[in-house]
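The values are calculated or read from the model by the stated rules, or taken from the named source; none is laboratory data. Keep in mind that this is a model prediction, so the values were computed, not measured. Don't worry about glycine lacking a Cβ; one is built from the backbone with ideal geometry, like all the others, and counts go over all protein chains shown. Remember, those area values only see protein heavy atoms, side chains included, never the ligands or the DNA or RNA. Shrake-Rupley method; radii C 1.70, N 1.55, O 1.52, S 1.80 Å.
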Amino acid sequence: MTMEGFICSQHWKRYVPAVLLFLATLNSTSAVTHYSVPEELEEGSVVANLVGDLGLDVKTLVERKMRIEIIANRKYLDVNKETGELYIVERIDRESLCPAKTSCYLKMEAIIENPKRIFYIELEILDINDNAPHFRRDTIDLDISEATQPGERFSVSNAVDQDVGSNSVKTYRLSESDYFTTEIQTGRDGSKFADLILKKKLDREQQAVHYLILTAVDGGMPSRSGTASIIVHVLDTNDNAPTFDEDSHNITIMENSPTGSLVIHLNATDMDEGSNSDLIYSYSLYTSEKTQETFNLNPSTGEITVKGVLNYEDVRIYDMEVIATDKGANALSGQCKLKIFVEDMNDNHPEISIKSFQSPVNENIELDTVIAVVSVSDKDSGDNGVVDLHIPDNMPFKLRESSDNYYELVVSEPLDREKVPEYDITFTVTDRGSPPLSDNETMTLELLDVNDNVPQFPQSFSTIRVMENNAPGALLSSLTAFDPDLHENQYLVYFILEKEIANTSMSMLFSINPENGNLYALKTFDYEIEKEFLFHIEARDSGSPPLSSNVIVHIIIVDQNDNAPVIVSPWRAHGSVVEEKIPRSTDKGSLVAKVIALDTDSVHNSRITYQFLQVTDATLFSLDQYNGEIRTMRMFSYRDPRHQRLVVVAKDNGEPALSATVTIKLSTVETAVKAYSDMTEVPLEYDIFSDLNLYLVIGLGSVSFLLLITILVTIVLKCQKPKPSKAAPPCRNSVISERNSTIADSTLVSNDAYWYSLFLAETRKGKLVVRQPVPKGSRYIVSSIPRGTGVTDTSDSAASTLQVGIKCQ
């Protein structure tokens, strides 16, 4: 039982006896006894005392078996048989017992036995405010168009209260709202209900849903209430036009953007809902066809993408207007203007145009001469359209800007066709974009030859060695010059510069092929007569004017071993035997005789070596192989024969070697004769009229005469030769023989490393001095002592001098 019910129950307990008394008195003459009790009394509560009200004796109740019969499904009351009190057995709920009725009665019978009597009892159940009002639905949804005018009524379900009378619903209250209020209405049955009234025009875009609380209050004391939520959904009408985030857009897009590239995603909004907010995007009539062909507009999403080719050089700015239209019954729309700027990218290669090009040109073209005129261009803009033109650095040309984007190619350094016959000039133009683009074009400049090069021989001095005894017409050498020019400037003609030696022209000794420079000998040369020739050969081109150069030709006749040695000492007639006398008392090492052989060949071939071919006693004499001195190896003994026969062979150094022999017959005499001293002055005593001395004088005279003639001829030939060029080798050989009857000394000068002794066969009274050689490479001088008689020198006697010189200057 609730606190409220408990308070009511106590209240009724206080007043039950008075009520029952009043009713008993009022109905004393009626057959029905009436009682009234409030509902919800606690179990055990006494409703009435039937003994007093029905006039029964309490003492006989048990005997008479008093009982209560209730006309109902449940037994709410019972009687106490000892006291006769009527009490509550089960709590009575009026709303359950008498639903939907304003009055509620519980009918029962009180039955007693002996005698049997039936008393009719009617118990009125009085209502108490034990139920609060409630709505059939806790939430009430209302859909009201935003176009509804103020004052419009909207019915809501009323509240229900199981209580009756004053405890039922008395009024309704609405939560605070600027837009709605309530008005209480009373039905025919007295029930109360409320109407919802619109006070102010609705705007769905400002408030799409309104939440209200409706409260129903009953009239009980204290009152009870119940609530319900009213959710008002404002229905949309197409009263708002679509709007874009911005009314205009400036967009930059790179040219050559690929098809499908997103330009912008337009977003328009419509504050309406449903179909009134569904938008369709389209171009307005102000958008050109070119723009519509270049860009694609998605009608559903508002995305603008690239459809065509964007070329900055064709169109730089696109203007368009996009309309967003809703799908309402009365469609509304909004506009947005777009300006699309195409940004230039470096997509155009620079271009080169050769306006003029002069080729070929002479190699001696003047500096700063214009060879070509070139123009450059680039369709791009900004730095992408700024171009630079250049050529390779290692060329004798430079670029000179003549006007805007026009350049001249001029000669900056002297040209030489012989070094570079042609130039491949690559013009490269590069813009300043990022990354830079470039283009190039190559032109070939040919150079025409001019006769600016002198024919050149490999060497300015040419030495040709020719073996003597050559065949006439033999090829000596090919003297070829080179001229780097072309065509007629390159064609060379060779000829010998005329020069006479000993009244003989060079053209009579040599011949040259004018086309190829082959040099031929026209005669056979003899080394012993002609040892060298020096002349010039000139090469001349066919240019205009012609250029020429020459080479100094040094012909050296190379000796062959074609002359056999000639024994000049000891002198003897042809095929005769030389007889000499020698004292038997000659000491060991004494000079017995000296063999001298001469060879007119060159130094190498004329090197003479001596050796015994036959000797009577090999232990008695020795022969120096280099100077031909025959000396005693021991003193003569009495056993040695008086006559000794020596055969000496003189052999040269040629290949093959040639030789000459001499036979010396030595006779020993008892006369004391002083022998030659070794390497010192030794006077030899001979009979002035001996046959040996006579032969020696004749032989020396003949040889001296021949040498004198040879020297004179050589001197004449040398005097007629031109002075050698400074570039010519400084060495030349000359042989000089001189016979001087007034000079007593004879000198041999040689640069050969070998020792060649020189002696003069003197008369019997003469003396001989031999000088030893100095080391190889130095000059050798051998002098003879003047002839004299006896041991003393005689300077006033007739003198014979042989001087042989080999000079290297």
Overall form of the stretch 410-553 per C-alpha gyration tensor (a/c, 1.5; a/b vs b/c): prolate
Which FRET efficiency value, to the nearest 0.05, do you get for I698 and N513 by plugging their Cβ-Cβ distance into 1/(1 + (r/R0)^6) with R0 = 41 Å? 0.20
Under a crude label model (7 Å from the Cα following the beta-carbon direction), how far is S478 from E418 in nanometres? 2.2 nm
Of all the accessible heavy-atom surface of the stretch 348-440, with the other protein chains kept in place and a 1.4 Å probe, what percent is carbon and sulfur? 42 percent
Residue span E313 to K499: 0.36 nm per residue of separation minus Cα-Cα distance leaves a gain in nm of 58.6 nm
Cα-projected label distance for S284 with S103, points at 7 Å along beta-carbon direction, nm: 8.2 nm
Residues of the stretch 51-95 with the amide nitrogen closer than 19 Å to a label point 7 Å from the Cα of K116, along Cα-to-Cβ, please. 61-71
Which FRET efficiency, nearest 0.05, do T444 and K339 yield, Cβ-Cβ r, R0 56 Å? 0.60
Extension reserve of the M467-R634 stretch, reckoned as 0.36 nm per residue once the Cα distance is removed: 55.3 nm
Just to confirm my numbers, what's the Cα centroid distance between the stretch 137-207 and the stretch 348-402 in Å? 95 Å
Calculated on alpha-carbon atoms, Rg and Dmax of the stretch 598-645 in Å: 14.4, 47
What's the local net charge at D314, with K and R +1, D and E -1, over the other residues with C-beta under 13 Å away? -3
Tell me the label-point distance for the pair D57, E152, using the 7 Å Cα-to-Cβ offset, in nm and rounded to one decimal. 8.3 nm
Gap in Å between the Cα centre of the stretch 117-136 and the Cα centre of the stretch 497-548? 171 Å
Give me the net charge for the shell around A331: Cβ to Cβ below 12 angstrom, other residues only, Lys and Arg +1, Asp and Glu -1. -3
State, as an integer percentage, the relative contact order of the stretch 302-436 based on alpha-carbon contacts under 8 Å between residues 6 or more apart. 23 percent
Express in whole angstrom the spacing between the alpha-carbon centres of the stretch 586-640 and the stretch 308-341. 134 Å
In Å², rounded to a whole number, the accessible area per residue of the stretch 461-586 with probe 1.4 Å is 47 Å²
Which whole-number percent gives the relative contact order of the stretch 576-659, counting Cα pairs below 8 Å spaced six or more residues apart? 36 percent
